[in-house]
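S.K.: This is the structure, below, for whatever I ask next.
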Amino acid sequence: MSDQAGVHEKGTFTLEEAIKNAKSKKDFQKAGAIATFIGVVRGENVKNEIVQRLVLEAYEEKANEVLARICSDLRKRKGIVDVQIHHLLGEFHVGEDLVYVLVAGSHREDVFPVLDEAVERYKKEAPVFKKEYRIDEKGKTRAQWIGESKTR
């Protein structure tokens with residue numbers, strides 16, 4: 001894990017820290033825009049079932065490596081000054097932050113496509129695992145490990 005990318009236990013990293021990291025970069029004077037994505041726990045899943053909470057775990061060493069590689073790849077794009085992906089781990093309730101993605105660049109036209117690609121890539125490539133606790137039709141709590149492809 002670095003200040004540029006990685007997994008963090010819930011409560012140990014904030015969006016404000018990501019912004020501070022970006023602004024401390026030596027090339028930040030070239031930036032005219034910072035775009036962020038905050039992933040939060042949704043209160044229902046794709047089957048319209050009520051979600052109580054999520055537990056997120058990761059193969060941390062590999063997740064840190066993958067997130068760093070994605071950021072490094074995307075920082076090479078024209079007009080991009082910084083890319084960060086910070087995924088949180090632990091137990092989360094509806095509305096709580098799960099992930100922060102930040103892209104700083106010369107212009108807004110530079111940052112939005114890179115932000116979108118960063119989100120799509122971490123969802124597909126990073127070994128972060130979700131256990132969903134939901135209320136079934138009988139009012140009973142059920143838990144199931146879910147993959148990204150099943151959450152959409």
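Every number here is computed from the coordinates shown, using simple stated rules; none is lab data. Please read all numbers here as calculations on a predicted model, not as lab measurements. Every residue, glycine among them, receives a Cβ derived from its backbone with ideal geometry; neighbour counts consider all protein chains shown.
S.K.: Are any residues in the range 59-78 surrounded by fewer than 18 Cβ atoms within 10 Å (Cβ to Cβ) and small (Gly, Ala, Ser), and if so, which ones?
M.R.: Correct list: 68, 72.
S.K.: For the range 24-60, which positions are basic (Lys, Arg) and touching a residue at least 12 places away in the same chain (Cβ under 8 Å)? Talk me through it step by step, then tell me what you get.
M.R.: Filtering the range 24-60 down to residues basic (Lys, Arg) leaves 25-26, 30, 42, 47, 53.
Scanning the range 24-60 gives 25, 30, 42, 53.
Rundown of residues vs (1) over 18 Å from residue 147 (Cβ atoms); (2) part of a strand (DSSP E or B); (3) within 15 Å of the chain's Cα centre (by Cα), yes/no style:
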{"site": "19", "(1), (2), (3)": "yes, no, yes"}
{"site": "26", "(1), (2), (3)": "yes, no, no"}
{"site": "29", "(1), (2), (3)": "yes, no, no"}
{"site": "34", "(1), (2), (3)": "yes, yes, no"}
{"site": "39", "(1), (2), (3)": "no, yes, yes"}
{"site": "42", "(1), (2), (3)": "no, no, yes"}
{"site": "54", "(1), (2), (3)": "no, yes, yes"}
{"site": "64", "(1), (2), (3)": "yes, no, yes"}
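S.K.: Tell me, which residue of the range 114-146 that is basic (Lys, Arg) and more than 12 Å from the chain's Cα centre (by Cα) is nearest to residue 72 (Cα to Cα)?
M.R.: Going through the range 114-146, the residues basic (Lys, Arg) turn out to be 121, 123-124, 130-131, 134, 138, 140, 142.
Next cut, more than 12 Å from the chain's Cα centre (by Cα) only: 130-131, 134, 138, 140, 142.
Details: 130: 25, 131: 29, 134: 36, 138: 47, 140: 44, 142: 39 Å.
Here the answer is 130.
S.K.: Oh, and also: With a cut-off of at least 3 residues that are without any contact (Cβ under 8 Å) to a residue 40 or more places away in the chain and not β-branched (Val, Ile, Thr), name the strands (runs of 3 or more DSSP E) lying wholly within the range 82-146. Give the steps one after another, and end with the answer.
M.R.: Numbers: elements: 97-105, 128-135, 141-146.
Passing ranges, in order: 141-146.
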